[in-house]
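What follows is a set of notes on a single structure, which appears directly below.
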Amino acid sequence: MASPCCIEPGAKQTHVSEGQEVEIANLNTYKTGQGKSAIVIFTDIFGYAFANVRKVADCFANETGTTVLIPDLFNGDSIDDNIPNFRALLPDWIKKHSPAEACPVAGKFISTIKGHYESIQVIGFCYGAKIAVYLITHEELTSTIKAAIVAHPAFLTKEEATQIKRPTLFLCAETDHTFSPELEEYYKKELTTTGFGTFIKYPGTVHGFVTRPDGSQQSNEQSEKAKQDAIEYFKKNI
C-alpha cells in the first residue's frame, strides 16, 4: 500500500444506486440485479458504499444478467475521502482492517451464499484482490468459485501464484507499485504454466484506474475498456 495512488479516490463520480442494502452472513451488503448466478465484488479501501464501486456493480448486473453483491468487510469503517486528512489515517486503518482478518470473513460470506446461486464468480479491486485470491487458493472455497478477476491488486505474494486453482483474469495497470513488474511476470509465468491466468495491461494507467480513473481521457477510456473486458469474462464463465 505504499503507492500514493492507492489512496487517491480519482475524479469525483456520482451515481444513483439501482440496488438495495441487505444483510448476508452478518455483513451489510449491497445487492443489485436478479440473476440466478452471482458476482461478488471485494472493494478497495473506500468500501462498499463508494459511489464508484456501486456504479460498477450496477453495470455488471445489467450487462451480465447476474446478481451482484458487495459485502462490507470493513463494518462501516471504510476510508472516507471526504475527510480532509483521510490519507494520514491509512496506516492505522490497515492495522484495524488487515487482509489477514478480512479473508476468513469473506470466506464465511461465500459459504453462506453457496447453494443460492447456480454459479459464483468474484472480483477484487486493490485490497479486495487479496480477498479474491484467498478464495481461489483455499481448497474448502475453490470448489464454490467458478472464476475470478483481480484488478490492480495489492498485498499479493509469490506463494499465492502457485496456489491459484481457478481461471483468473488480471486487469493490470501500466504503472503499479503494488503489483510490481517483477511480481506480475512471476504470476504470468506460473499461471501460464497452469493455464489458470489471463493478463491484460492497460496503457497509460496507474493503480486504481478501473474504479478510480483520474478523469483524463486516457484513464477514462481504459477504465471503460477494463470493465467491458471484465463483463465479457464473467459472461464466459457464468
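Looking at residue 208 and the list (1) free of Cβ contacts under 8 Å to residues at least 40 places away in the same chain; (2) surrounded by 16 or more Cβ atoms within 10 Å (Cβ to Cβ); (3) within 26 Å of residue 38 (Cα to Cα), which single condition is not satisfied?
Every condition holds for residue 208 apart from (1).
Restrict the check to the stretch 119-127 and report whether at least one residue is within 14 Å of the chain's Cα centre (by Cα), surrounded by 17 or more Cβ atoms within 10 Å (Cβ to Cβ) and assigned to a helix (DSSP H, G or I).
yes
Quickly run through the stretch 211-225 and pick out the residues that are touching a residue at least 12 places away in the same chain (Cβ under 8 Å), within 17 Å of the chain's Cα centre (by Cα) and in a helix (DSSP H, G or I).
Listed by number, the residues that qualify are 222, 223, 225.
Of all residues in the stretch 128-154, how many are in a loop (DSSP other than H, G, I, E, B) and in contact with a strand residue (DSSP E or B) (Cβ under 8 Å, 6 or more places away or on another chain)?
Residues in the stretch 128-154 being in a loop (DSSP other than H, G, I, E, B) and in contact with a strand residue (DSSP E or B) (Cβ under 8 Å, 6 or more places away or on another chain): 6 in total.
Step by step: first the residues of the stretch 35-71, then only those that are surrounded by fewer than 21 Cβ atoms within 10 Å (Cβ to Cβ) and in contact with a strand residue (DSSP E or B) (Cβ under 6 Å, 6 or more places away or on another chain), then the one that is nearest to residue 112 (Cα to Cα). Which residue is that?
The selected residue is 35.
Working only within the stretch 125-182, note down all residues that are among the β-branched types (Val, Ile, Thr), free of Cβ contacts under 8 Å to residues at least 40 places away in the same chain and out of contact with any His (no Cβ under 8 Å at 6 or more places or on another chain).
Of everything in the stretch 125-182, those that are among the β-branched types (Val, Ile, Thr), free of Cβ contacts under 8 Å to residues at least 40 places away in the same chain and out of contact with any His (no Cβ under 8 Å at 6 or more places or on another chain) turn out to be 133, 136, 137, 142, 144, 145, 150, 157, 162, 164, 168.
If a residue counts only when it is among the hydrophobic types (A, V, I, L, M, F, W, C) and more than 25 Å from residue 157 (Cα to Cα), which strands (runs of 3 or more DSSP E) contained entirely in the stretch 24-117 have at least 2 such residues?
In the stretch 24-117, 67-71 are the strands (runs of 3 or more DSSP E) which contain 2 or more residues that are among the hydrophobic types (A, V, I, L, M, F, W, C) and more than 25 Å from residue 157 (Cα to Cα).
Between 186, 233, which is touching a residue at least 60 places away in the same chain (Cβ under 8 Å), of a type outside the set (A, V, I, L, M, F, W, C) and either buried (at least 19 other Cβ atoms within 10 Å of the Cβ) or part of a helix (DSSP H, G or I) (or both)?
Being touching a residue at least 60 places away in the same chain (Cβ under 8 Å), of a type outside the set (A, V, I, L, M, F, W, C) and either buried (at least 19 other Cβ atoms within 10 Å of the Cβ) or part of a helix (DSSP H, G or I) (or both) holds for just one of 186, 233, which is 233.
Go through the stretch 155-178 and report how many residues are closer than 19 Å to residue 43 by Cβ and either among the small types (Gly, Ala, Ser) or in a loop (DSSP other than H, G, I, E, B) (or both).
Summing the residues that are closer than 19 Å to residue 43 by Cβ and either among the small types (Gly, Ala, Ser) or in a loop (DSSP other than H, G, I, E, B) (or both) in the stretch 155-178 gives 5.
Rule-based calculations on the coordinates, nothing more; no lab input. Just so it is clear, the model here is predicted, and its values are computed rather than measured. Quick reminder, even Gly has a Cβ in these numbers, built from the backbone with ideal geometry, and neighbours come from all protein chains shown.
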